[in-house]
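The values are calculated or read from the model by the stated rules, or taken from the named source; none is laboratory data. Please read these numbers as outputs of a predicted model, since none were measured by experiment. Glycine gets a Cβ as well: all are built from the backbone with ideal geometry, and neighbour counts include every protein chain shown.
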Amino acid sequence: MNSAPDASTDIPEASLPLHEHLQAVTESLAAARTQAEVLDVVLKPALRALSALAGGVLLVNEDRRALQMAAHQGYAPGVQTIWQDGPLDDQVPAADVLRTQKALYFEHAGELKAVYPELEAQTGALAAVATAVLPMFLDGRPLGTLVLDFKEPHTFTREERRFLRTLASQCAGALGRAEGLRLLERHLDERTRTSLEDARAHEAFVAFTEAVGSETDLHPLVQQAITVLQNRFSGSTVIYCEEEDGLWKGRIWSSDLRPDQIVMVAAGVSIETPLIAEIIRTRQPVFTDEWPGSHEEAARSKDYGAAGGYPLIVNGELHWLLSVGLRNTRHWSEADRALVRAVGRALNLALERTETARQLTRQNAELQARTRALEGFAELTRDLSLTTDPLLLIRRAQEVVMSMLADGAALYFVPEGGRWYNRVQHGTLHSPELQAAVDAGLPGTTGMLISWNTGQPYFQDVYDQADAQLPHLVGHISASVTLPLRVEGTPTGILAFVLFHQRVWSSVDRVVLETAIQSLELALDRAAKTRRLEEERTALETFTRFAELVGSETDVQALVQQAINLLNETCDVEAIHFEREGEVFKATVWCQQLDQNLLPLLLQGFPLQHSGIAKLLLQNTAAFIDHWSNTGLLIKETEVYQAVAGYPYSIDGVLESVLMIGSKTTAIWDERTKGIFRAVGRSLDLALDRARQTRMVIIQRDALKAQTQELATRTRQLEDSAQELETFSNSVSHDLRTPVRHMLGFLLLAKKELGDQINERAARHLDVVGQAGAQMNTLIDALLDLSRTAQQNLRPGLVDLNEIMTQIQATLMPDLSTRNIEWSVTDLPRVWGDWDALKQVLTQLTENAVKFTRTRDPATIRIWAEDQGEMWSISVQDNGLGFDPQYRDRLFNMFQRLHTAKEASGTGVGLASVRRLILKHGGQVFAEGQIGQGATFSFTLPKAHAPK
């Protein structure tokens, strides 16, 4: 049986970075001379580098019509794979990548099969779990396909895709070089090596290919290519050009150019020059015989008979080209073209390697910068492992970052009241006026606002002096960056770094700064958690101590005094308790240290709603005010306190008392004092609530006995009244039936007696009396049914609501044959209840839905259940007449109808019976609806007795 590639193939795991694998491939390809050697050099590193299971290379055959497997590694011998020889126009991955010139990556099991569903059946093999398929082109023509298979899902990273593209490109170049060598060798063999010039050119080309194998300096590489071509073409001119500002300017050229030609070449030629325009258009080598073709070109280039150009493309971009002008011939032979292509491909390969090396160097620099930043912040974390002050952590982070940057300053801004205030700074701004403006608060720059709103860094290579709104003070700032800072996921401020010299923020700089921010945020998160734990520990200890002090005390004065004493012992504060009297708050308990000049004023009382702390107390939690003297004092003598705090005590949402503390030694409350005050305030709140509840218990205990006795008496009275009401309802129903029956009987006799003598008006009157009598009988029957419902004893058991609904639908269906009704009955639960009662409930609700949708086509009736935890909810919904939702409470009352008899018949008793039956089951009934939009009736049943 055919299978996927053999999973047992011994392919070592990747142990080297991709760039080292690539470097090894480049060096090995330089020595590869044949197609087999090239493919062997390419496949092995590709498998090792990406830990691939197996791989292969399919090449376009000589007639350019088919793909053939040229080499493979890792597949089990004799096992068929999906990678097989076939025509180029087949709809298979290997051919498709050549048509689209785009690589295919299948990263998960089934992805390749989803795109090519018939491939496995066509090939008789199974696709691998993950696969990469890359096209190889040689001078714009399809050369073949590189395939890698994986036995596990594989996500191809950007670096891996770049590695594979470069590997495929190098493989194509190496195959082209091998082809060039083969063609050259064939040409030399055909001429029986009689041409010394061809021999010298071959030796030069070999020397060139050896040189490009390890050379990374551009100038020697180009010079070596020029030497190879000049050795092959006597008297030729070779120029290496780069594109700049719309011109192709010569950078390196052969020594045969005259000074006037050098000036022209260095100045550049237009991209509209026919030869160059064709190269740009096709991105392929261009060879021109009998060159130039116009008189203007002939005037400039009369020394040359033929010309050619080879585009040098790196990472898909054309910025360089190699041009060749021939003096001694006006025609290009195939051998000459092949040599130029081979030299061009080799030089292109060297340029790609040089660019790859440059990118790897930059990546290494970024990694080193990140490593230095991590090391710096690891050291910072160790140094500040016992520090919980966030501003100190930010300052140390600023120091670490600025040590990696040049002359500049670091600032930390926080938003307050529409302005941004500098809280931590490292380094000087080199301007006293600018420093004063920063200290006074800034309105916010574009960088700050962008970073704050987007959560992303904002880099400025050239500082926008107008944006700072202080252009006359920031002329010496050259570059800047703003970075948002978060603590436990919440934005807290902006870190800004300004530099006083010109700088382009590199990717390395970005790595350093972003790593710094990440490390700082981790340190701040740790510090915040540590402070919170310390506050919670202190609060818990204080709470426990207060609970031990007050014990079971219920006297309010004693409880408050214990709280004040505890605050005086644990914090350097003065504490006072105020209670409401009307609209003022008066001191009732205070500490012994209270200023005796202030005490009379506090005993007199003051309106708390006019004080600076009133708004904060409305939050019903501890309120803290720093710099108390700046708040506008209601009592001037309280200016002896630098900071004030209060804890409110409310009863039924009304503020009744406040515990307040004041500090004479500090203007800013620290976290420890806040934690203790919150704990004492909360503990006192619980104690006061316990005292109030104790008093209420004593009061309520005496009232409970009287209420219990009164309740028992009323219960007996209600039971008697209910029995009498049921008896009365039964009696009335039976007593009414006989007179109604007599009335209808004598009405029938009167009609027979009168016969044809009765006039139309009298007949109509008699019909109305008859209809009223019939309605009366219906109401009497409904009243008797309701009475029986009330007296009915439930026989609870396990009831399957699905069986009930099946019976109800079977009963209704014969009468609904002319109706278009769409039923939707979902699976209903088994519940605990009385079978007959629940059938009566569902029948009533279903018949109502059928009745009130008679004008709808189609009518829709939906019945479903919902699990509400302790209850089941069953609902019946229709698209019928609906009802006004403001009258929903009347629906379940006796004889209440919201529709006329013409709209829908009925007695107004059915829903009342439903409610009685559901209430007897311990449930509730509900109704929702809108006029003309249908209604939903629901009832609940408890699960308490239902078996699990």
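Taking strands (runs of 3 or more DSSP E) as the structural unit, those lying wholly within the range 448-524 and holding at least 1 residues that are charged (D, E, K, R) correspond to 479-487.
Taken as a whole, the range 235-250 holds no residue that is aromatic (F, W, Y), over 23 Å from L318 (Cβ atoms) and modelled with pLDDT of 80 or more. Among the residues making up the range 413-436, those that are over 19 Å from W452 (Cα atoms) and either surrounded by fewer than 16 Cβ atoms within 10 Å (Cβ to Cβ) or of a type in the set (G, A, S) (or both) are G427, T428, H430, S431, P432, E433, A436.
Could you please let me know if L616 is at pLDDT below 85, in a helix (DSSP H, G or I) and crowded, with 21+ Cβ neighbours inside 10 Å? Spelling it out, it is not the case that L616 is at pLDDT below 85, in a helix (DSSP H, G or I) and crowded, with 21+ Cβ neighbours inside 10 Å. Restricting the range 592-613 to residues that are part of a loop (DSSP other than H, G, I, E, B) and surrounded by fewer than 17 Cβ atoms within 10 Å (Cβ to Cβ) leaves a set whose member that is modelled with the lowest pLDDT is G612.
When the range 687-711 is filtered for residues that are surrounded by fewer than 10 Cβ atoms within 10 Å (Cβ to Cβ) and within 22 Å of I564 (Cα to Cα), nothing remains. Do the conditions hold for L59, that is, is it touching a residue at least 24 places away in the same chain (Cβ under 8 Å), within 41 Å of the chain's Cα centre (by Cα) and surrounded by 16 or more Cβ atoms within 10 Å (Cβ to Cβ)? Spelling it out, it is not the case that L59 is touching a residue at least 24 places away in the same chain (Cβ under 8 Å), within 41 Å of the chain's Cα centre (by Cα) and surrounded by 16 or more Cβ atoms within 10 Å (Cβ to Cβ).
Counting only residues that are within 16 Å of R161 (Cα to Cα) and at pLDDT 50 or above, which one in the range 1-22 is surrounded by the fewest Cβ atoms within 10 Å (Cβ to Cβ)?
Top of the filtered list is E20.
Being of a type in the set (D, E) and part of a helix (DSSP H, G or I) holds for only one residue in E847, E822, and it is E847.
Could you look through the range 31-56, keep only residues that are buried (at least 20 other Cβ atoms within 10 Å of the Cβ) and more than 42 Å from the chain's Cα centre (by Cα), and pick out the one that is nearest to Q359 (Cα to Cα)?
The first filter runs over the range 31-56 and keeps only residues buried (at least 20 other Cβ atoms within 10 Å of the Cβ), leaving 32, 38-39, 41-43, 45-47, 49-50, 52-56.
Now restrict to residues that are more than 42 Å from the chain's Cα centre (by Cα): 32, 38-39, 41.
Details: A32: 26, V38: 25, L39: 26, V41: 23 Å.
So, considering only residues that are buried (at least 20 other Cβ atoms within 10 Å of the Cβ) and more than 42 Å from the chain's Cα centre (by Cα), the one nearest to Q359 (Cα to Cα) is V41.
Looking only at residues in the range 846-870 that are among the small types (G, A, S) and under 43 Å from the mean Cα position of the chain (by Cα), which one is farthest from G910 (Cα to Cα)?
G869
Of the residues examined, L29 is not one that is part of a loop (DSSP other than H, G, I, E, B) and at pLDDT below 85. Restricting the range 809-822 to residues that are free of Cβ contacts under 8 Å to residues at least 40 places away in the same chain and touching a strand residue (DSSP E or B) at 6+ places or on another chain (Cβ under 8 Å) leaves a set whose member that is surrounded by the most Cβ atoms within 10 Å (Cβ to Cβ) is Q809. Which of the residues that make up the range 659-701 are more than 30 Å from A528 (Cβ to Cβ) and not β-branched (V, I, T)? Answer for the range 659-701, where residues must be more than 30 Å from A528 (Cβ to Cβ) and not β-branched (V, I, T): A687, L688, D689, R690, A691, R692, Q693, R695, M696, Q700, R701.
Filtered by the rule that a residue be aliphatic (A, V, I, L, M) and either over 50 Å from the mean Cα position of the chain (by Cα) or under 17 Å from E671 (Cα atoms) (or both), the range 565-581 gives L567, V573, I576. The condition (being among the β-branched types (V, I, T), more than 20 Å from L881 (Cα to Cα), touching a Gly at 6+ places or on another chain (Cβ under 8 Å) and surrounded by 14 or more Cβ atoms within 10 Å (Cβ to Cβ)) is satisfied by just one residue among V831, V825, V799, V841: V799. Mind checking whether some residue in the range 891-911 is in contact with a helix residue (DSSP H, G or I) (Cβ under 8 Å, 6 or more places away or on another chain), crowded, with 16+ Cβ neighbours inside 10 Å, in a helix (DSSP H, G or I) and modelled with pLDDT under 85? Looking through the range 891-911, at least one residue is in contact with a helix residue (DSSP H, G or I) (Cβ under 8 Å, 6 or more places away or on another chain), crowded, with 16+ Cβ neighbours inside 10 Å, in a helix (DSSP H, G or I) and modelled with pLDDT under 85. Of the residues L655, L684, L659, L634, which is within 23 Å of G605 (Cβ to Cβ), surrounded by fewer than 20 Cβ atoms within 10 Å (Cβ to Cβ), touching a residue at least 60 places away in the same chain (Cβ under 8 Å) and aliphatic (A, V, I, L, M)? Checking each option against the conditions leaves just L655. On inspection, L112 does not qualify as under 21 Å from E352 (Cα atoms) and in the same structural domain as L58 (by TED's automatic domain parsing).
Got a sec? Which of R682, R737 is modelled with pLDDT under 75, assigned to a helix (DSSP H, G or I) and either of a type outside the set (F, W, Y) or in contact with a Leu (Cβ under 8 Å, 6 or more places away or on another chain) (or both)?
R737
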